[in-house]
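Visitor: I'd like to ask you about the structure that follows.
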Amino acid sequence: MQVQDCIFFQLTKASLAGTAFWGKKVEHLGITASQAMVLNFLGEEDRILPSVLRQKLQITSATMTGILDRLEKLNLLERQPHPNDRRAILVHLTEQGRGLTKDIARTAAK
């Protein structure tokens, strides 16, 4: 069997193509495909632990931290101390971020 016939190779190609397609759809919003996905999840469930968000996206901690850092610099989300666990933080949308999730949803529906 040749490498290109392997199901895992084909799945990887499909995933990359999907990410590229999604990235092109949201680039006019000034965010990346990964950032749009984070905002989408926060639009569904706001004020969550970064680890929960990371599991939903199935990405590494380092990748999650980088995405959150960039979204925070864009004033689209904030990190706040967890009210019941001083070691933890919660991630939540800002007003600007909440508005952008609506734009993302409209873009996805096109």
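Visitor: When the range 47-58 is examined, which residues are found to be surrounded by fewer than 14 Cβ atoms within 10 Å (Cβ to Cβ) and of a type outside the set (Lys, Arg)?
Guide: SER51, VAL52, GLN55, GLN58 - these are the residues of the range 47-58 that are surrounded by fewer than 14 Cβ atoms within 10 Å (Cβ to Cβ) and of a type outside the set (Lys, Arg).
Visitor: Quickly run through the range 86-110 and pick out the residues that are more than 22 Å from TRP22 (Cβ to Cβ) and either surrounded by 12 or more Cβ atoms within 10 Å (Cβ to Cβ) or at pLDDT below 90 (or both).
Guide: Of everything in the range 86-110, those that are more than 22 Å from TRP22 (Cβ to Cβ) and either surrounded by 12 or more Cβ atoms within 10 Å (Cβ to Cβ) or at pLDDT below 90 (or both) turn out to be ARG86, ALA88, ILE89, LEU90, HIS92, THR94.
Visitor: If we scan the range 43-56, do we find a residue that is in a helix (DSSP H, G or I) and within 14 Å of ALA105 (Cα to Cα)?
Guide: yes
Visitor: Still on this model: What is the one condition in (1) at pLDDT below 95; (2) open to solvent by less than 50 Å² (accessible area, probe 1.4 Å) that GLU44 does not satisfy?
Guide: (2)
Visitor: Taking the range 66-77 only, how many residues are open to solvent by less than 70 Å² (accessible area, probe 1.4 Å) and either modelled with pLDDT under 95 or not in a helix (DSSP H, G or I) (or both)?
Guide: Number satisfying all stated conditions: 2.
Visitor: I'm trying to understand the selection: among the residues of the range 2-19, which are out of contact with any Phe, Trp or Tyr (no Cβ under 6 Å at 6 or more places or on another chain) and either surrounded by fewer than 11 Cβ atoms within 10 Å (Cβ to Cβ) or not in a helix (DSSP H, G or I) (or both)?
Guide: GLN2, GLN4, ASP5, CYS6, ILE7, PHE8, LEU11, ALA14, SER15, LEU16, ALA17
The values are calculated or read from the model by the stated rules, or taken from the named source; none is laboratory data. Here the structure is a predicted model, which means the values were calculated and not measured. Note that we place each Cβ from the backbone using ideal geometry, even for glycine, and neighbour counts take in every protein chain shown. SASA here: full protein model, heavy atoms, side chains in, ligands and nucleic acids out. Shrake-Rupley method; radii C 1.70, N 1.55, O 1.52, S 1.80 Å.
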